[in-house]
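Read the structure below first, then the notes.
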Amino acid sequence: MKKVILINIILCATTIFAQEQKTELQKQQQEIVKLNQKLNNQQAVINQQKTELANLSATTENQQKQIDSLKTATSQNEQNIQAIANDLGTKIKQTETAAKDGISKLDKDVNTNRLYWIIATLATLLLGGVLYWLLGKRIATSKTDVETQIKNTKKSLEEESIKLDSKLIEVLDTQLKLKQEEKKVVSTTSTADVDHSLALKVADEIVRIHKNLQQMDVNTKGLKQLSASVKRIQDNFASNGYELVEMLGKEYNEGMKVIANFITSEDIETGKQIITRIIKPQVNYKNEMIQSAQIEVSVGE
């Protein structure tokens, strides 16, 4: 009985040990599989690195060939550059020699041409000076002739104007005398019935002639005779009861019964208003105004 029990115990122990050994064996086999996988991976990496190393070796070999080719080309270029430098140095020396010869020749030509230019310039200046003197003399003579012609023409026009004005004064004076005789025949008691048209015309002409006389040369032929004629007709004008109101040169004020045109002037004191031109005179008949004045007033700036 004891033997049976012992045998069973031994069998159980053997079974348990066998199971443990089997489990351990399985673990070892799993580890061997893992190690094989790692080994395979490492082998793949090694194979890849071998391939890359082969590629690098091929690339290095190609680069070495290119370096050798570049060294050969560089050496050839250095030889070519040296040959070009030698040739260029020779040409530079030749060009320098030719340039020196050309400059020397050019200096001689420039000196010769400079002398010719100086002579030509002096001759031109001398000729220009003579021409300028002759032209200036001619212009001065022409200017004098033109001024003389203008002066003579102006003098002729003034003399002709004096003749015409003298004849006009004679006509107006005759008409005033006839008008005066008519008044003696026909007695008039009202100024409203008097025809003042002739008197107003005479007044306008007197103002116009006075203005012309002031602008003429005092030595103009016939000027004194015309001035005397104007004085005579003014006296006749006044004897018929008419009066020319003198306004020229007087200060203008707003109360005047006139038609005024205003212009600015720098020759007059600032703020002042001076009557500088009579366009139509103011005419009074027996102290009553029958024509208002039209004047030009200069205003000081």
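The values are calculated or read from the model by the stated rules, or taken from the named source; none is laboratory data. Keep in mind the model is a prediction, meaning the values are calculated, not measured. For neighbour counting, all protein chains shown are included, and Cβ atoms are generated from backbone atoms with ideal geometry for every residue, glycine included. Protein only, heavy atoms only, side chains kept; ligands, DNA and RNA dropped before computing areas. Shrake-Rupley method; radii C 1.70, N 1.55, O 1.52, S 1.80 Å.
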Residue list for the range 208-224, restricted to those being in contact with a helix residue (DSSP H, G or I) (Cβ under 8 Å, 6 or more places away or on another chain) and open to solvent by 90 Å² or more (accessible area, probe 1.4 Å): Lys221
Residue list for the range 233-289, filter: closer than 20 Å to Leu176 by Cβ, open to solvent by less than 60 Å² (accessible area, probe 1.4 Å), outside any strand (DSSP E or B) and not hydrophobic (A, V, I, L, M, F, W, C): Gln234, Asn236, Asn240, Gly241, Pro281
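Here's the yes/no breakdown for (1) small (Gly, Ala, Ser); (2) open to solvent by 90 Å² or more (accessible area, probe 1.4 Å); (3) within 30 Å of Lys221 (Cβ to Cβ):
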residue	(1), (2), (3)
Asp109	no, no, no
Leu115	no, yes, no
Ala123	yes, no, no
Gly129	yes, no, no
Gly136	yes, no, no
Thr141	no, no, yes
Thr144	no, no, yes
Asn152	no, no, yes
Yes/no for Glu78 being charged (D, E, K, R) and open to solvent by 100 Å² or more (accessible area, probe 1.4 Å): yes
Given (1) touching a residue at least 40 places away in the same chain (Cβ under 8 Å); (2) touching a strand residue (DSSP E or B) at 6+ places or on another chain (Cβ under 9 Å), number of the condition Asn261 does not satisfy: (1)
